[in-house]
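Reviewing the structure listed below.
The values are calculated or read from the model by the stated rules, or taken from the named source; none is laboratory data. What you see is a predicted model, and the numbers here were worked out from it, not measured in a lab. Neighbour counts run over all protein chains shown; Cβ positions are idealised from the backbone, glycine included.
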Amino acid sequence: MTQSHTSTNKLSATTVWIMAIATGLSVANLYYNQPLLAELQREFGVSVKDVGIIPSLTQVGYALGMLFLVPMGDMFERRKLIVLTSGAVTAALLVAATAHSLWVMVVASLLIGLFTMVPQLIIPFAAHLASDENRGKVIGIIMSGLLIGILCSRTLAGFIGDLFGWRVVFYFAAALMMALAACLYFMLPASEVTYSGSYVGLIKSIGQLVKEEPILRESAVVGAMIFGVFSSIWATLIFLLSSPHFGMGAKEVGLFGLLGAAGAMAAPVVGRVSDKKGARTGVAIGLGVLALSVLILWGSGASIIGLIVGIFILDFGIQAAHIGNQTRVFALRADARSRLNTVYMFSYFMGGALGSLLGSYAWNTGQWQGVCVVLSVGTLIAILAFWLGRNSKPASQPTQLPG
């Protein structure tokens, strides 16, 4: 396998912040639909359970893209891949904007998820360029951009949807992706290839990584559970806040995204903790905060203050655990970071898809208390996986991957 010798001095502070902004703007595509679900339900004349398929299929598409497209970041020049996938997601967003049935929207949502690959091409690229001493900090900064994009996307979609209708949200996103692709082509450094084999060999080597690296397996389970918790609450919050007790709309629900965006500002701090105290410490802190937030949310089904506090610290806890997980994963093998990212993030977003689906079903059957059961089970499984992996170490003599 060909090793990359890319110099870390290519990763200037400006480049890091460009990557963070691009990551946030791109990942927002996955979440524009969530505060619009009530409007989409009325538009297509379907049930809450049926409209819940839209965010779930978006996450499934994203997971499939990570499994089959993101590994190519080790095989091809990432900047070109970014431009190609940005063009494809632009087309999918335009299909969503013109959809006149639930099933057209479902297909468009799957394709939006499939081609929103910019974040998962940028993150391993940045980890590869960063020095070992600063990798956690760099990941933290870029993850700040990603989480702010996730959370502010709901605010933006809520305001635009409330003022101009839900279709304008998707037209706006398509225009943004076209402009972003042009900017990144000229502003990002070229990447170097670290894999010289076939595409089939590339995909096969992913299974080998899973088999050999226990830390990767542990992090994948923890990541799936914490993002399942995150997705469960954001897929159902619109229905709680639009209930007669609160009487809010998409615009007000979008404002809740600002709570998590404020918590995302702590991401670089969490990254520095991972660099100095060890990434596992960051994961432990995140899971502890997440458990506390779930307890608060259990008693907040009728309290706006409780929801504000619970959601704020829930987003912070998930961010801390996620950065710790990624720092651990990227430290395992320098020549396979796109594939390591594929395993972790595929699990992460499949957990998110499951969380969105279970959250919608839980709301349909048990309202807010049903959703809190989903949050509790996901958090407990994450803590258990983390505890069982307390003695895990990187593979001492990893097998040479094909290529």
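Values for this structure:
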| item | result |
| --- | --- |
| Total residues in region 164-173, condition closer than 15 Å to Leu40 by Cα and either in contact with a strand residue (DSSP E or B) (Cβ under 8 Å, 6 or more places away or on another chain) or among the aliphatic types (A, V, I, L, M) (or both) | 2 |
| Residue satisfying condition, being part of a helix (DSSP H, G or I), under 30 Å from Ala13 (Cα atoms), β-branched (Val, Ile, Thr) and modelled with pLDDT of 85 or more, within set Ile285, Ile296, Ile308 | Ile285 |
| Leu401 being among the aliphatic types (A, V, I, L, M) and at pLDDT 85 or above | no |
| Whichever residue in region 12-64 is modelled with pLDDT under 90 and of a type in the set (Ser, Thr, Tyr) and, among such residues, is farthest from Ala97 (Cα to Cα) | Ser12 |
| Residues of region 32-45 satisfying the condition of being of a type outside the set (Ser, Thr, Tyr) and farther than 16 Å from Thr236 by Cβ | Arg42, Glu43, Phe44, Gly45 |
| Matching entry among Ala97, Ala108, Ala92 (being surrounded by fewer than 24 Cβ atoms within 10 Å (Cβ to Cβ), among the hydrophobic types (A, V, I, L, M, F, W, C) and either farther than 30 Å from Gly278 by Cβ or in contact with a Ser or Thr (Cβ under 8 Å, 6 or more places away or on another chain) (or both)) | Ala97 |
| When residues of region 157-171 are limited to those that are surrounded by 20 or more Cβ atoms within 10 Å (Cβ to Cβ) and aliphatic (A, V, I, L, M), the one nearest to Val83 (Cα to Cα) | Val169 |
| Failed condition for Glu192, given (1) in a helix (DSSP H, G or I); (2) in contact (Cβ under 8 Å) with a residue 24 or more places away in the chain | (1) |
| Count - residues of region 335-374 that are without any contact (Cβ under 8 Å) to a residue 12 or more places away in the chain and of a type in the set (Gly, Ala, Ser) | 2 |
| Matching entry among Ala284, Ala320, Ala279 (being surrounded by fewer than 24 Cβ atoms within 10 Å (Cβ to Cβ) and closer than 21 Å to Gly136 by Cα) | Ala284 |
| Condition met for Ala175 (without any contact (Cβ under 8 Å) to a residue 60 or more places away in the chain, of a type in the set (Gly, Ala, Ser) and at negative phi) | yes |
| Residue within region 111-128 that is over 27 Å from Trp17 (Cα atoms), in contact (Cβ under 8 Å) with a residue 40 or more places away in the chain and among the polar types (S, T, N, Q) present | no |
| Single condition Phe386 does not satisfy, out of (1) modelled with pLDDT under 90; (2) more than 17 Å from the chain's Cα centre (by Cα) | (1) |
